[in-house]
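Engineer: Next up is a structure, given as structure tokens.
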Amino acid sequence: MREKTYHSITFGCQMNVRDSQWLERVLTARGFSEAALEDAQVVVINTCSVREKPEQKVVSTLGRIRQATGGNPRVLVCVTGCVAQQLGETLFTKERQVRLVAGSDGIAAAPQAIERLLEEHDLHISLLDFTAHYVEREAAPAPDGRGGPVAYVNIMQGCDNFCAYCIVPFTRGRQKSRATAAILEECRTALQEGAREITLLGQNVNAFGRDKSGDGTSFASLLRQVAALPGLARLRYVTAHPKDMGPEDVAAFAELPQLCPRLHLPMQAGSDAVLARMRRRYDSTAFLRLVEELRKARPDLALSTDIIVGFPGESEQDFQETLRMVRACGFMSSFSFCYSDRPGARAALFPDKVPSQMAQDRLLRLQALQDALSAQWLNARVGTTTTLLMEGTSPRDRQGDAVSWQGRDPYGTPVHVPLCAGADHTGQLVRVCITQAKKHSLVGRQLEEP
Ligand code: SAH
Ligand code: SF4
Ligand code: F3S
């Protein structure tokens, strides 16, 4: 074990990825450096409990840490994020090395707690309270002033929707919008550090401002203000909620050229009966109408989605409705999951649970349909020209004096392209012609400068 080192392990959504990055940067500013798991003095696991499997992963990860560190009691293990919020201090009894648990709002105070725990070896700290308003955290600039071409900025915490299957309102608390000035400030810093693309993050971004922490700024207005920041080439957001996506949010796709033509719009199910029991508060007709309006505003808009199969009471007929909607919307990609009971969520108490073998079978059928749609979508891109934001070199590939680089197109699809060796193309916008479609990515050729 080396003093003043950390190792961090992250599960879950983009908000967790962002939280981990923040904590890593703050620890670095306080003199810590990153180390391999075997050598680290502080190990942080940032956890997710949205389905059962991710939660089991935490327990197995604790075992892995114990093995790698030989159970050394001087190694400080911190559990943060949604499982920490959910299981709280019981985590102290699961593994002796765990001496900090910090939930969604508590993580803001984790850096101080870590320093204290390194001084006081018998102490345990739990940071599990929810705050009434959005907690501003200490600023965490990129260590060398270079943050990479893509930045993620939180605009809210929590969720008020209580979809019947979902644990997030319990683990992340009520919706709390962040102050617009603080969001813009963080965006400006990211742009100064070299970001060209910003993704705004929240569990239900379209409802931004509609809570008691809101400062009167609507989501559409926030989008316009961020899009106007000098240096920004691309703007994205995640996650949208169909019921809260108003006409102004739709119009933003027509008005703001910086807003990328890609939207992740979770549908969850196609059957109206299932959507009602999920408490999603839209039906298939409203969803299709929204898709139509979005495509009217931005004809090249590509949609992706989240789908749950095997929700309690889902019949074969209901599932067929999901397949029908997936076809009708022509999603470029989707994340799909078998329903899993979560403690506290209403659906855990619903009757008519779908047998897991049946849910698994539906999942495979859905994924086969999606694979075909995704392939169709990627193949249709071959021969088109587009602009990539370059992110880094692709591992291993070198062809003569060209190196294979990876960038993303406006739809967020990874594209590989050979570029001249010896130059750092990170953060550049490069015009390419798409030459080939792979399973989840594309290959391109750089177009000559005009
Ligand atoms: N706030 C976002 C994402 C929430 S969690 C939204 O409203 O869509 C990410 C995805 O996990 C959800 O969209 C849903 O498809 C899936 N999910 C959430 N709870 C689940 C559960 N109990 N079982 C299976 N999938 C679940
Ligand atoms: Fe969960 Fe629904 Fe909130 Fe998304 S909108 S986080 S699915 S409760
Ligand atoms: Fe998981 Fe919590 Fe995100 S449950 S999906 S890490 S909000």
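The values are calculated or read from the model by the stated rules, or taken from the named source; none is laboratory data. Since the structure is predicted, the reported quantities are computational estimates derived from the model, not experimental observations. Here the Cβ is made from the backbone with ideal geometry for all residues, glycine too, and neighbour counts use every protein chain on show. Just so you know, the surface numbers come from the protein's heavy atoms only, side chains and all, with ligands and any DNA or RNA stripped out. Shrake-Rupley method; radii C 1.70, N 1.55, O 1.52, S 1.80 Å.
Engineer: Could you order K4, K176, K438, K212 by accessible surface area, starting with the largest, using a probe radius of 1.4 Å?
Structural biologist: Solvent-accessible surface, decreasing: K212, K438, K4, K176.
Engineer: Going by Cα centres, segment 179-249 and segment 1-73 are how many Å apart?
Structural biologist: Measuring centre to centre over Cα atoms gives 29 Å.
Engineer: Size of segment 54-103 along its principal axes in angstrom, Cα-based, largest extent first?
Structural biologist: Principal axes ranked by extent give 27, 19, 15 Å for the Cα atoms.
Engineer: Rounded to a whole number, what % of the accessible area of segment 297-450 do carbon and sulfur atoms account for, probe 1.4 Å?
Structural biologist: 53
Engineer: What distance in nm separates the simple spin-label points at Q67 and Q360, each placed 7 Å from Cα in the Cβ direction?
Structural biologist: So the two model labels end up 2.4 nm from each other.
Engineer: Between A109 and V17, what FRET efficiency follows from the Cβ-Cβ distance if R0 is 22 Å, with the result rounded to 0.05?
Structural biologist: It comes to 0.65.
Engineer: Would you mind checking which residues have amide H under 5 Å from C78's amide H? H placed 1.01 Å from N; only 5 or more apart, or other chain.
Structural biologist: Residues meeting the amide H criterion: V43, V44, I45.
Engineer: At 222 nm, what helix-only mean residue ellipticity would the chain give, in deg cm²/dmol to the nearest 500, using -39500 (n - 2.57) for each DSSP H run of four or more?
Structural biologist: Using -39500 (n - 2.57) per qualifying helix, the result is -10000 deg cm²/dmol.
Engineer: Top to bottom by accessible area (1.4 Å), largest first, where do D300, D306 land?
Structural biologist: D300, D306
Engineer: Something else: Using 7 Å Cα-to-Cβ label points, what is the R324/Q436 separation (nm, one decimal)?
Structural biologist: Placing both labels 7 Å beyond Cα along the Cβ direction yields 4.1 nm.
Engineer: Determine the gain in length on full extension of the stretch K212-F335; use 0.36 nm per residue of separation and subtract their C-alpha separation, reporting nm with one decimal.
Structural biologist: 41.1 nm
Engineer: For K94, K439, give the ranking by accessible area with the largest first, probe 1.4 Å.
Structural biologist: K439, K94
Engineer: Beyond a 27 Å Cα-Cα separation, which of these cross-linked pairs lie in this structure: K4/K94; K212/K243; K57/K176?
Structural biologist: Over 27 Å apart, Cα to Cα: K57/K176.
Engineer: Another question, if that's okay. Can you tell which of R342, R298, R96 shows the greatest fluctuation in a Gaussian network model of the chain with Cα springs below 10 Å?
Structural biologist: Answer for the Gaussian network model of the chain: R96.
Engineer: Moving on. Rank Q14, Q67, Q428 by mean-square fluctuation in a GNM of the chain with C-alpha springs under 10 angstrom and give only the top-ranked residue.
Structural biologist: In this elastic network of the chain, the residue with the biggest mean-square fluctuation among Q14, Q67, Q428 is Q67.
Engineer: At 37 °C and a viscosity of 0.692 mPa s, what translational diffusion coefficient does Stokes-Einstein give for segment 209-266, taking Rh as the Kirkwood radius over Cα pairs? Give it in µm²/s as a whole number.
Structural biologist: The diffusion coefficient I find is 269 µm²/s.
Engineer: Let me ask something else. Could you calculate the FRET efficiency of D160 with R188 from 1/(1 + (r/R0)^6), where r is the beta carbon distance between them and R0 is 35 Å, rounded to 0.05?
Structural biologist: Rounded to the nearest 0.05, the efficiency is 0.75.
Engineer: While we're looking at this one, here's another question. Using only C-alpha positions, report the orientation-averaged shadow area of the convex hull of segment 319-409, nm², one decimal.
Structural biologist: Average of the hull's projected areas for segment 319-409 equals 10.1 nm².
Engineer: Moving on. Out of the DSSP beta bridges found with both residues in the chain, what percent are antiparallel (nearest 5)?
Structural biologist: DSSP beta bridges in the chain are roughly 35 percent antiparallel.
Engineer: When all protein chains stay in place, what accessible area (Å², nearest 10, 1.4 Å probe) is found for T131?
Structural biologist: 60
Engineer: Over 40 Å, how big is the tail of the calculated P(r) for the chain, in percent of all Cα pairs?
Structural biologist: For the chain, the fraction of Cα-Cα distances above 40 Å is 22 percent.
Engineer: Next question, about the same structure. Treating only the Cα positions of segment 30-153 as identical point scatterers, give the base-10 log of I(q)/I(0) from the Debye formula at each q in 0.13 Å⁻¹.
Structural biologist: For segment 30-153 at q = 0.13 Å⁻¹, log10 I(q)/I(0) is -0.57.
Engineer: I would also like to ask the following. Using the Kirkwood formula on the Cα atoms of segment 349-450, what hydrodynamic radius do you get, in angstrom to one decimal?
Structural biologist: Roughly 15.6 Å, rounded to one decimal.
Engineer: Would you mind checking the radius of gyration and Dmax of segment 133-215 based on alpha-carbon positions, in Å?
Structural biologist: 14.1, 44
Engineer: Considering Cα pairs under 8 angstrom that are at least six residues apart, work out the relative contact order of the chain and quote it in whole percent.
Structural biologist: 10
Engineer: Now for a different question. Given a Förster radius of 41 Å and the C-beta distance between V382 and A254 as r, what FRET efficiency does 1/(1 + (r/R0)^6) yield to the nearest 0.05?
Structural biologist: E between V382 and A254, to the nearest 0.05, is 0.90.
Engineer: Explain nothing, just the number: relative contact order of segment 195-285, from Cα pairs under 8 Å at least 6 residues apart, as a whole percent.
Structural biologist: The value is 29 percent.
Engineer: Next question. May I ask you to give the solvent-accessible area per residue for the chain, in square angstrom, as obtained with a 1.4 angstrom probe?
Structural biologist: 43
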